[in-house]
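Shown next, in structure tokens, is the structure this report addresses.
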Amino acid sequence: MENVNLPPAFKSKFTFYMAVCWIIAAFGGLMFGYDIGISGGVTAMDDFLLKFFPEVYERKRHAKENNYCKYDDQLLQLFTSSLYLAALLASFIASKVCTVAGRKQTIRWASLLFIAGAALTAGGVNLIMLIFGRILFGIGVGFGNEAVPLFLSEVAPPQHRGAVNILFQLFVTIGILIANIVNYFASKKHPWGWRLSLGIAAAPAFVLLLGSFYITETPTSLIERRKYEKGKAILKKIRGVEDVDAEFDQIVTASEIAHLVKHPFKKLMKLSSMPPLIIAILLQVFQQFTGINAIMFYAPVLFQTVGFGNDAALLSSVITGLVNVISTLVSVLLVDKVGRRVLLIEACFQMFITQSIIGGILQAHLKSYSDTLGHGQAILVVLLVCVYVMGFAWSWGPLGWLIPSETFPMETRTAGFAFAVSSNMLFTFLIAQAFLSMLCHMRAMIFFFFAGWIVVMGLFAFFLLPETKNVPIDLMVERVWKQHRVWKKFMVDDNENGIETGR
Ligand code: BGC
């Protein structure tokens, strides 16, 4: 591609206020991550199983009979996955709230819903309360995941947008890690440890709630809602310079085009919206088909399955959690330098190789249901899982959120991003719901299943994914989509086809 990636001369300086806003918003990621990390550990706690899933508890006690199937229970899986179904639906409502009330309000709602979810699950006395609490958590996650990545991408200066947006994913990984540590200690507190694990979810939500009174609204959202004066003032404040005219004019132009579109969801279905929409959905679907959540939700269960004791299993998942955080930092540092494509493609090699070897080891050594791995082999599996997590953490993890938040034009941004969020939730749900049964039926083959998908997504990234590094967010159509070998064919004027107005 010719010079399409050069940023225009938008001026900006680092400001303390802006950095604090980034961090506060990123707490939305921490809420999401905490939730991802907490479920696996809670569903492995005996007190929790005994209270809500006594049959699973019984099966677990006779685990020697069947290594791969001891946790296979649809209701137990529903506990984990009900959140994702709720989040899936909520993301579409959140997209509307984001457009009409702004990103900041949506973030506030996310925190309130999450606090309610934490209260209900931590105080749960029956399965209904538990599932209902998970649903509230889910709606909170849907709101947060819709608003936070958009917020970060919109307030970031173009040349650092990747790094700033990845703060969301960085906080997701910190949330997962904290959850693993909390689970490790809570599992020793009988019989109420699981309540502690679920209740602590309210802590990041409180930070987000308080912070939502301090953070700025994004200039884009203000200008989109025709609050031009305020939009310009905020732009000056967050860029730390007086001369923001070039950037302001460009956002105003984008918003004028956006105002011509009355029905963003209809507009999304037009040919010219397909490139960012297809990319957003596929990135999220593929992100889940890396198999990452098989590891994240069920790490303790998985490590027990391959022969670790309770404690060792939780500890191993703390280690993978730490690797996840540190490797995401690598992405923060590299994404605006080497670009998105290099990270995604490199990681496919890394994840393919590690998944295949893990599959090979388990296939060779866990033949009968009651086999366990030798000490050395089990350590090797943990190491391989770490290298796999590393690859995911600097690529498909953060970029599954970053790219969809930066590639839609303003008129379809919140609606288009809702498809990214909901695809994430749908496929997280499917994997969460199916994984334990798949593990039970496919056994080690499950790793080859994910490795196969990794090949497909590598080819997708290589042939179809355009580079978006350094391109200002409101110039994507001109500089990226209209220049790409394949996608430019979609960039027709939908008006000429006699369809609703737009670009
Ligand atoms: C994904 C989650 C995953 C997490 C792991 C996120 O980007 O959406 O499904 O559990 O990364 O760090």
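The values are calculated or read from the model by the stated rules, or taken from the named source; none is laboratory data. Source: prediction; values computed, not measured. Note that each Cβ is placed from the backbone with ideal geometry, even for glycine, and that neighbours are counted across all protein chains shown. When the accessible area is computed, the model is the full protein with side chains, heavy atoms only, and any ligands, DNA or RNA have been set aside. Shrake-Rupley method; radii C 1.70, N 1.55, O 1.52, S 1.80 Å.
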Note to self: Kirkwood Rh of region 95-220, Cα pairs, one decimal, Å, is 15.5
For 227, 60, write out the residues from largest to smallest accessible area, computed with a 1.4 angstrom probe and no ligands counted.
227, 60
For residue 356, what accessible area in Å² do you get when you roll a 1.4 Å probe over the heavy atoms of the protein chains, rounding to the nearest 10?
30
If you average the sequence gap of Cα pairs under 8 Å that are 6 or more apart and divide by the length of region 17-497, what percent do you get for the contact order?
25
Under-5 Å amide H pairs with residue 469, H placed in peptide plane, nonlocal only:
340
Based on the Cα coordinates of the chain, what is the per residue volume of their convex hull in Å³?
126
In whole percent, how big is the carbon plus sulfur part of the accessible area of region 17-497, probe 1.4 Å, protein atoms only?
71
Jot down the radius of gyration and Dmax of region 337-428, Cα atoms only, both in angstrom.
18.1, 57
Per-residue [θ]222 nm for the chain (sum of -39500 (n - 2.57) over DSSP H runs n ≥ 4, rounded to 500):
-24500 deg cm²/dmol
With every protein chain left in place and a probe of 1.4 Å, what is the accessible surface of residue 365, to the nearest 10 Å²?
80
Tilt, helix 202-211 to longest principal axis of the chain (alpha-carbon atoms), in degrees rounded to tens, equals 10
Acute angle (nearest 10 degrees) that the helix 340-365 long axis makes with the longest principal axis of the chain, alpha-carbon atoms:
10
With Cα coordinates, the longest principal axis of the chain makes an angle with the long axis of helix 292-305, in degrees rounded to 10, of 10
For 160, 259, give me the order by solvent-accessible area with a 1.4 Å probe, most accessible first, ignoring ligands, DNA and RNA.
160, 259
How about the chain: what cysteines have no other cysteine beta carbon under 4.7 Å from their own?
21, 98, 348, 386
Using a 1.4 Å probe, what is the accessible area per residue for region 322-366, in Å²?
41
Amide N of region 226-241 lying under 19 Å from the label point, which is placed 7 angstrom from the Cα of residue 101 along Cα→Cβ:
226-227
Amide H partners (placed H, <5 Å) of residue 241, local residues excluded:
13
Accessible surface of residue 69 - all protein chains present, 1.4 Å probe, nearest 10 Å²
20
Once phi is turned into θ = phi - 60°, what whole-Hz ³J(HN,Hα) does the Karplus curve with 6.51, -1.76 and 1.60 give for every residue of region 138-152, x standing for Gly and Pro?
x, 5, x, 5, x, 5, x, 5, 6, 7, 5, x, 5, 4, 5
Taking 13-19, 426-432, 151-157 and ranking on average Cβ neighbours within 10 Å, highest first, one gets 151-157, 426-432, 13-19
Is the C-alpha gyration tensor of region 209-368 telling us rounded, prolate or oblate? Criteria: a/c under 1.5 is rounded; beyond that, a/b larger than b/c is prolate, otherwise oblate.
prolate
